[in-house]
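The values are calculated or read from the model by the stated rules, or taken from the named source; none is laboratory data. Computed from a predicted model, the values in this text were never measured in an experiment. With ideal geometry, Cβ positions are generated from the backbone for all residues, glycine too; neighbour counts draw on all protein chains shown.
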Amino acid sequence: MSTLAPCHKELKNGKGKCSVPMWMGGCPAGFCDKEAYGPQAAIKPGDGFKDPYTGEFIRFDGKYTGYCPGLACPMHGGPKKDEVL
């Protein structure tokens, strides 16, 4: 996997790129790279539940709960463009 570029960590003119790692066949395949407007929303107690079969945390609002080292697009739990403006 490559390292995060500045566009994955910092906003430039209010935009950056999503830093969620993508995988294909169990191998690293880069980053999501969709437009991102901020970091992933923090998960607080009461935001979801733990699946009793898989142990995975599932949010009630359906947002992504996986690993995101920098900025996140709206699909991966980051803020929407409307929320930032």
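List of remarks:
- Scanning the range 23-38 for any residue that is assigned to a loop (DSSP other than H, G, I, E, B), surrounded by fewer than 18 Cβ atoms within 10 Å (Cβ to Cβ) and hydroxyl-bearing (Ser, Thr, Tyr) turns up nothing.
- Against the criterion of being touching a strand residue (DSSP E or B) at 6+ places or on another chain (Cβ under 9 Å) and aliphatic (A, V, I, L, M), Ala42 does not qualify.
- Among the residues making up the range 1-12, those that are exposed (fewer than 14 other Cβ atoms within 10 Å of the Cβ) and either at pLDDT 90 or above or not polar (S, T, N, Q) (or both) are Met1, Pro6, Glu10, Lys12.
- Qualifying residue in the range 33-41 (condition: acidic (Asp, Glu) and in contact (Cβ under 8 Å) with a residue 24 or more places away in the chain): yes
- Some residue of the range 60-73 being outside any loop (DSSP other than H, G, I, E, B) and within 24 Å of Thr3 (Cβ to Cβ): yes
- Verdict on Lys63 being among the charged types (D, E, K, R) and touching a helix residue (DSSP H, G or I) at 6+ places or on another chain (Cβ under 9 Å): yes
- Cβ-Cβ under 8 Å pairs, at least 6 apart or on other chains, the range 55-83 side in contact (Cβ under 8 Å) with a residue 60 or more places away in the chain, far side surrounded by 11 or more Cβ atoms within 10 Å (Cβ to Cβ) and hydroxyl-bearing (Ser, Thr, Tyr): Pro69/Ser19; Gly70/Ser19; Leu71/Ser19; Leu71/Tyr37; Gly78/Tyr37
- Residue match in the range 59-79 (condition: surrounded by 14 or more Cβ atoms within 10 Å (Cβ to Cβ), modelled with pLDDT of 90 or more, within 13 Å of the chain's Cα centre (by Cα) and among the hydroxyl-bearing types (Ser, Thr, Tyr)): no
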